[in-house]
Amino acid sequence: MKRFFAVWAVAVLMLFCCGCAAGGPQSFKVQNVDTVMGTVLQQTLYISDRETPADQEIALLLRKLEEERLSRRLETSEVSRLNQAAGEDSGSAVSDFLEEVLKGCLEIWQKSGGAFDITLGAVVSLWDIDGWASGENQGVFAPPRDEQLRKALESCGCGRMKIEGGRLYLPEGMELDLGAVGKGIALDQLLVYLREKNEITGAVISLGGSILTYGQKPDGESWSVGIADPEDTASIIGTLTLEGEWFVSTSGDYERYAEADGIRYHHIIDPATGYPADSGVRGVTILAKEGFLSDALSTACFILGEEKGMELAAGCGVEVLFVGKDGRITMSEGMKAYFTAAADHSRGE
Ligand code: FAD
Ligand code: MG
């Protein structure tokens, strides 16, 4: 089942639906749902030329990025190659693309006081988080033991990673895991693609917990992005009303988790303990002009919690919204201009 996610050429869950959009005969609405990067890719595209296979090109671009660069599960990727070279004195050559990504991650690691850490691969593997997603360890999950986590944590820590002269030096046992930022990076790449495609006049692309809005709907209406209710993911706490290009990422404890002895464990790890973060929040949504930032900071702010997360978001120039364990909604001042609470959701500011 793990391979279901690792091999990208798998199930296309729903197919191409094409028709004339309400706004005018020149614009066609294309919707497509697929699986990429172990998560769901949903596309809604408004295209002036019906023949443009943009949805397929987008899926291809994402798979290429996963296979060639970002996946730590596929041997073909640069991240896998870098992980395999951990402990080698000579380090490993790193592409300009990944060097920039890693430097960006180092910056967020510093700004978050170490809460955001892409070197937690060994700890993430111990928790068998991929197994939770595929459902293969349901009913048989047992959390790792304290001493296992302590040992795995010894091989982690962004501060022990060195980038110099186009080479990356990882200490023995360290494993990069870009799960917290890969989808944001991918959406940044998609924005470049969309800007080059004149036929695409508007788009909403959702990849797991991250969403990109682009351009306009044919009828000129704003984009509306719902934020799931952690208590009941079939409903929303409210919506963000957005014009043009935006990135929205949400990290929560309710998507990927496993239970053992009545305790629920989720997939966002506090590097200080090796255990799932427990900062009093259930969900964090970031609104940003960059996919990398929105994805990285939703994870970081989830670990930091409301007070420190709010400071981090302000320092990085993004808007943030928290849903607390008690259901309370708090948000940055700037977020208020975009957020509308759902009619049956008033537990907030
Ligand atoms: P986010 O909050 O954005 O990220 C949480 C993830 O980040 C965790 O799952 C963990 O991997 C990592 N993480 C945990 N704690 C920290 C921390 N303190 N600092 C930094 N990172 C942390 N999943 C599969 O099951 N099978 C696959 O084949 C698969 N392939 C993938 C390929 C790529 C290129 C990427 C980027 C991800 C892949 N995933 C896969 C993972 C999956 O798509 C998501 O990363 C996962 O669902 C978490 O995303 P999120 O938005 O829910 O949470
Ligand atoms: Mg993230």
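The values are calculated or read from the model by the stated rules, or taken from the named source; none is laboratory data. As the structure is a computational prediction, the values presented were derived from the model and not from experiment. Backbone-built Cβ (ideal geometry, glycine too); neighbour counts: all protein chains shown. Protein only, heavy atoms only, side chains kept; ligands, DNA and RNA dropped before computing areas. Shrake-Rupley method; radii C 1.70, N 1.55, O 1.52, S 1.80 Å.
Summary table below
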| read-out | value |
| --- | --- |
| Nearest-0.05 FRET efficiency for Ser125 and Lys162, computed from C-beta distance (R0 25 Å) | 0.65 |
| Only Lys, Arg (+1) and Asp, Glu (-1) charged, at Cβ; the chain dipole about Cα centre in debye | 180 debye |
| Accessible area per residue in Å² at 1.4 Å probe, computed on the chain | 45 Å² |
| Selection from Gln26, Met161, Val284 lying farthest towards where the dipole of the chain points positive, charges on Cβ | Gln26 |
| Residue-span extension gain [Glu243 to Gln110] - 0.36 nm each, minus C-alpha spacing | 44.7 nm |
| Net charge of Cβ neighbours under 13 Å - reference Thr273; Lys, Arg +1; Asp, Glu -1 | -3 |
| Fraction of accessible area attributable to carbon and sulfur, the chain (%, probe 1.4 Å) | 49 percent |
| Value of [θ]222 nm, deg cm²/dmol, for the chain, DSSP H segments ≥ 4, -39500 (n - 2.57) each, nearest 500 | -8500 deg cm²/dmol |
| Listed residues Glu196, Glu67, Glu255, most fluctuating in the chain (Gaussian network, C-alpha, under 10 Å) | Glu196 |
| Charged-residue dipole, Cβ positions (Lys, Arg, Asp, Glu), region 160-218 about Cα centre, Debye nearest 20 | 180 debye |
| For region 72-82, Karplus couplings with θ = phi - 60° (6.51, -1.76, 1.60), whole Hz, Gly/Pro x | 9, 9, 9, 5, 6, 8, 5, 4, 4, 4, 5 |
| Residue-wise HN-Hα coupling along region 222-238, computed from phi with Karplus coefficients 6.51, -1.76, 1.60 (Hz; x: Gly, Pro) | 6, 7, 10, 10, x, 10, 5, 7, x, 6, 8, 5, 7, 10, 10, 7, x |
| Difference of contour (0.36 nm per residue) and Cα-Cα distance, Ile263 to Lys151 | 38.0 nm |
| Region 158-314 shape via C-alpha gyration tensor axes, a/c threshold 1.5 | oblate |
| Separation of alpha-carbon centers, region 292-345 and region 116-191, rounded to whole Å | 24 Å |
| For region 274-349: rounded, prolate or oblate by the Cα gyration tensor [a/c cutoff 1.5] | oblate |
